[in-house]
1. Out of (1) of a type in the set (A, V, I, L, M, F, W, C); (2) in contact with a helix residue (DSSP H, G or I) (Cβ under 7 Å, 6 or more places away or on another chain); (3) free of Cβ contacts under 8 Å to residues at least 24 places away in the same chain, what's the single condition that is false for LEU282?
2. So if I check each of GLY96, GLY49, which one is outside any helix (DSSP H, G or I) and open to solvent by 20 Å² or more (accessible area, probe 1.4 Å)?
3. Checking the structure you have, find out if any residue of segment 402-416 is touching a residue at least 24 places away in the same chain (Cβ under 8 Å) and more than 20 Å from SER88 (Cα to Cα).
4. Among the listed residues LEU118, LEU126, which satisfies the condition of being open to solvent by 10 Å² or more (accessible area, probe 1.4 Å) and part of a helix (DSSP H, G or I)?
5. Among the residues of segment 381-429 satisfying the criterion of being open to solvent by less than 70 Å² (accessible area, probe 1.4 Å), part of a loop (DSSP other than H, G, I, E, B) and of a type in the set (Val, Ile, Thr), which is farthest from LEU196 (Cα to Cα)?
6. So ALA65 fits all but one of (1) open to solvent by less than 10 Å² (accessible area, probe 1.4 Å); (2) within 30 Å of SER225 (Cβ to Cβ); (3) of a type outside the set (Asp, Glu); what number is the exception?
7. Would you be able to say whether some residue in segment 155-175 is closer than 25 Å to SER371 by Cα and in contact with a helix residue (DSSP H, G or I) (Cβ under 6 Å, 6 or more places away or on another chain)?
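The values are calculated or read from the model by the stated rules, or taken from the named source; none is laboratory data. Since the model is a prediction, treat every value here as computed from it, not as a measurement. Because the Cβ atoms are built from the backbone with ideal geometry, glycine has one as well, and the counts that use them run over all protein chains shown. Keep in mind that these areas ignore ligands, DNA and RNA; they rest on the heavy atoms of the full protein, side chains included. Shrake-Rupley method; radii C 1.70, N 1.55, O 1.52, S 1.80 Å.
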Amino acid sequence: MAGVVERRSIDVVPDDERHGSAVSQFTLWLGANLQITAVVTGALAVVFGANAFWALIGLLLGNLAGGAVMALHSAQGPRLGLPQMITSRAQFGVRGAVVPLALVIVMYIGFFASGSVLAGQAVGELTHLGGTVGIVLFAAVTALAATVGYRLVHLLGKVAGLVCALTFVYLGVRLLQRADLAALLHDRGFGAPVFLLAVSLSASWQLAFGPYVADYSRYLPRHTSTRATFWWTFAGSVLGAQWSMAFGALAAAAAPGAFVGHEVGYVVGLGGSGLIASFLYLVIALGKLTINILNTYGGFMSLVTSVTGFRGPGAPGAEGGGRSLSPRGRAAYIAGIMAAGTAVALLGKDSFLASFKDFLLFLLTFFTPWSAINLVDYYLLSKERYDVPALSDPTGRYGAWNVRALTVYAVGVLAQLPFLATAFYTGPLVAPLGGADVSWLVGLTVPAALYWLTARRDTARLVEPTVREERAPVGSGG
């Protein structure tokens with residue numbers, strides 16, 4: 001087992017272990033997005049009031065905007081050789097990073113649960129054991145695959161990308177045989193609130209990848225072009241998500257009564273019965289397996305990052321002389337995530353659709369400020385250079401707690417509340433805007449501006465370029 005399981009956790013990947021090309025990001029993120037939860041996300045835009053025409057446009061705008069932010073995070077991986085969330089220590093402090101990390105872990109558990117609900121339906125139908133047993137079986141397979149690590153993740157991404165792409169072409173044809181596309185797109189009445197909801201749903205989908213997207217580009221060679229990493233990630237994620245979401249929006253518009261509450265069954269029913277149905281259930285499970293492994297693997301990274309932040313240099317998996325995390329330790333972290341995610345899935349499976357929409361929008365409140373701070377610091381202030389050993393030293397360059405960054409983060413979260421619209425909370429400025437939720441725009445712009453204004457004169461944190469960086473600047477090669 002030790003020879004199969006990935007050795008690296010949150011420690012920097014040495015140059016002699018780097019491999020692959022930026023094209024691998026396209027196949028991974030295409031496969032990660034061609035799956036049933038993205039279909040449901042697109043359907044939500046129609047379920048909650050948008051017509052198909054404006055839902056498709058809103059979903060596209062959200063995917064483009066959120067995908068650009070997500071891909072900027074991906075481009076950090078080859079440069080630093082580190083998982084995404086450990087770089088938050090450069091902004092928030094070695095221990096202060098636990099604040100966004102705790103919320104990231106909640107996100108991973110939530111996405112693990114939502115994926116397990118839908119995949120559990122498919123596994124339950126495939127095995128004839130029912131949804132509850134299907135959820136448990138799916139969760140166990142996810143945890144096992146996440147324990148193996150990086151190479152298996154990318155392999156599954158390639159397989160799922162090809163299989164799911166062919167399947168979605170087939171399902172799209174079957175949908176258009178049942179529904180009149182011209183009739184579905186005929187209603188073009190514009191409603192700003194539901195249009196902005198569509199934008200927010202797809203933007204939140206993309207932004208939610210931000211906290212772990214660099215985990216899957218960190219093994220690329222250091223000289224890999226930043227532009228190549230950005231564009232291949234962006235293309236795969238936006239194409240896959242828009243493809244799935246457009247299918248979901250059209251399916252919900254064509255048959256809202258048959259689709260809502262029976263998402264997996266409806267999609268499989270489009271394809272046929274017998275062996276075809278069994279194959280489609282298998283494809284749905286495969287697509288969810290790919291994304292749920294990403295969530296589990298990312299949750300594992302975040303947990304290790306949180307723990308080692310309080311242990312300092314020398315902790316398992318820590319950069320700067322730390323010993324590697326054992327396969328047994330890795331399995332223990334992942335088992336904890338699996339147990340929590342499975343429990344949430346079993347408790348929430350009967351009210352999945354409405355809960356998932358509110359979950360997505362609520363998460364967006366906490367991740368847009370983190371994303372804004374991370375990107376401004378990395379690209380504009382630190383100029384793509386971090387002192388990697390200092391990321392595990394609370395007494396080093398980045399300190400234990402960065403009160404300034406944490407304050408900006410808190411302001412970024414609070415600034416969104418007046419604009420937030422969910423089932424359990426609606427801000428006072430939502431009604432004057434016609435019910436539109438624009439909180440994610442506020443969450444990106446306010447903390448980005450505040451952090452740049454307050455941190456731009458902090459020269460003590462800047463890292464001078466090394467000889468290797470001067471000879472091989474980022475953007476070369478790839």
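1. (3)
2. After ruling out the rest, the residue left standing is GLY49.
3. Looking through segment 402-416, at least one residue is touching a residue at least 24 places away in the same chain (Cβ under 8 Å) and more than 20 Å from SER88 (Cα to Cα).
4. Values: LEU118 fails: open to solvent by 10 Å² or more (accessible area, probe 1.4 Å).
So the residue among LEU118, LEU126 that is open to solvent by 10 Å² or more (accessible area, probe 1.4 Å) and part of a helix (DSSP H, G or I) is LEU126.
5. Restricting to residues being open to solvent by less than 70 Å² (accessible area, probe 1.4 Å), part of a loop (DSSP other than H, G, I, E, B) and of a type in the set (Val, Ile, Thr), the top hit is VAL388.
6. ALA65 satisfies all of (1) open to solvent by less than 10 Å² (accessible area, probe 1.4 Å); (2) within 30 Å of SER225 (Cβ to Cβ); (3) of a type outside the set (Asp, Glu) except (1).
7. Within segment 155-175, one or more residues are closer than 25 Å to SER371 by Cα and in contact with a helix residue (DSSP H, G or I) (Cβ under 6 Å, 6 or more places away or on another chain).
Yes or no, residue by residue, for (1) part of a helix (DSSP H, G or I); (2) open to solvent by less than 20 Å² (accessible area, probe 1.4 Å); (3) more than 24 Å from GLU6 (Cβ to Cβ):
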residue: LEU162; (1), (2), (3): yes, no, no
residue: THR167; (1), (2), (3): yes, yes, yes
residue: GLN177; (1), (2), (3): yes, no, yes
residue: ALA182; (1), (2), (3): yes, no, yes
residue: LEU201; (1), (2), (3): yes, yes, yes
